[in-house]
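No value in this document is a laboratory result; all are computed from the given coordinates. Everything numeric in this text was worked out from a predicted model, so none of it was measured. Note that we place each Cβ from the backbone using ideal geometry, even for glycine, and neighbour counts take in every protein chain shown.
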Amino acid sequence: MDKLSLFSLLLLLSSAVASAITTDEADLLIRQVVSDGEDDLLDADHHFSLFKTKFGKTYATQEEHDYRLSIFKANLRQAKRHQLLDPSAVHGVTKFSDLTAAEFQRTRLGLKRLKLPTDARKAPILPTNDLPTDFDWREHGAVTGVKDQGSCGSCWSFSATGALEGAHFLSTGELVSLSEQQLVDCDHECDPEQYGSCDSGCNGGLMNNAFEYALKAGGLELEKDYPYTGKDGRTCKFDKSKIAAKVSNFSVVSLDEDQIAANLVKNGPLAVGINAAFMQTYIGGVSCPYICSKRNLDHGVLLVGFGSAGYSIIRFKEKPYWIIKNSWGESWGEDGYYKICRGRNICGVDSMVSTVAAIHTSAQ
């Protein structure tokens, strides 16, 4: 494909997903992706200036500034590669564009590569003949606002609380925001032979470990009672008298996508592991990369819904997709959400799915 054709194709793509990407500023920030110039980095300084303004970035020294600029340039190239490999989404400058891959992995992900226990409870098979074509728990009041894990590898705790918040809503009719910090500070005990290793706060963890902890501890406190700091606490400050939500049981959902959808509709938002390789540069649209590992799951997220009308400019047809709630704040992705296509276990999104049930209890 010649440069002019590639430019035209990507420009059409940008228009097709414009409804998901608001503000003229965002259009400026993705120019490097659709550029047809010989050197896509000619305007890197300008893009870096826009980036710093938009995301409030400051650096302590000129050396740090120049170092971050060099990383930013590398991430511009990465965004362009991602755009070519994932043409039904839009990739470009995000608030993580000054982070190296290692920094991003360490501070924004955090799903440990642990083994699920051989005796893990499996979710019962549900009927799938009456599944809707579109479903979104946000429209039914079961999802709290998008949170931000900050520079802490605690994604697993946000995935776990999100699932329990939804289960608690289904059990009580009340939506509460639960404490990730309680999990970060207190959830450190498990059987290493059974799980491989234990949850380690900002150094990673696993959602099923978190459910096991909540089951044994008696439950989780409210966010307001045990607020998030984004740092590993030296001591656990859990107050059992302030428990707001209790786990009844949890189970692993099969790899079958219809079963995942059925469990989502019946049981509420699901805790999911995913390969986040394309998420650092994601701006909007339905992500459906041609190449993405199904095994290297490194990020815990929350599955809240699915749709059937994600438009792909490349194949000129609609793509069914999952709706993922992330924990990187509302300034990332589509107001904090990620759409990834359904049908082929893209990026391993179907490989580690758990559902949790809550006991009816009143919030304190």
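Ordered by the number of other Cβ atoms lying within 10 Å of each residue's own Cβ, fewest first, Val252, Val349 fall into the sequence Val252, Val349.
Hey, fewest Cβ within 10 Å first, where do Ile291, Ile125, Ile71 land in order?
Numbers: Ile291 9, Ile125 12, Ile71 15.
Starting with the residue having the fewest Cβ neighbours, the order is Ile291, Ile125, Ile71.
By the beta-carbon count within 10 Å of each Cβ, the least crowded to most crowded order of His299, His188, His168, His46, fewest first, is His46, His188, His299, His168.
Between the amide H of Ala245 and those of Leu220, distances stay under 5 Å, these residues lying 5 or more places away or on another chain, with hydrogens modeled in the peptide plane. The relative contact order of the range 108-359, computed from alpha carbon pairs under 8 Å that lie at least 6 residues apart in sequence, is 27 percent. Shown in residue order for the range 343-353 are the 3J(HN,Hα) couplings computed by the Karplus curve 6.51 cos²θ - 1.76 cosθ + 1.60 at θ = phi - 60°: x, 9, 6, 4, 6, x, 5, 9, 7, 9, 10 Hz (x for Gly and Pro). Applying the Karplus relation 6.51 cos²θ - 1.76 cosθ + 1.60 with θ = phi - 60° to the range 213-225 yields 3J(HN,Hα) values of 4, 4, 5, 6, 6, x, x, 10, 7, 6, 4, 5, 8 Hz, where x marks Gly and Pro. With an a/c value of 1.5 or above and a/b larger than b/c for the gyration tensor axes a ≥ b ≥ c computed over the alpha-carbon atoms, the range 41-151 is described as prolate. Residues whose amide H comes within less than 5 Å of that of Ser177, counting only those at least five positions distant or on another chain, are Glu223 (H built at 1.01 Å from N in the peptide plane).
Shape analysis of the range 227-294 places it in the oblate category; the axes a ≥ b ≥ c from the Cα gyration tensor give an a/c of at least 1.5, with a/b not above b/c. With θ taken as phi - 60° and the Karplus curve 6.51 cos²θ - 1.76 cosθ + 1.60 applied, the whole-hertz 3J(HN,Hα) list for the range 232-241 is 5, x, 6, 10, 7, 10, 4, 10, 4, 6 Hz, x standing for glycine and proline. Sorting the segments 260-267, 131-138, 301-308 by their mean number of nearby beta carbons within 10 angstrom, highest to lowest, gives 301-308, 260-267, 131-138.
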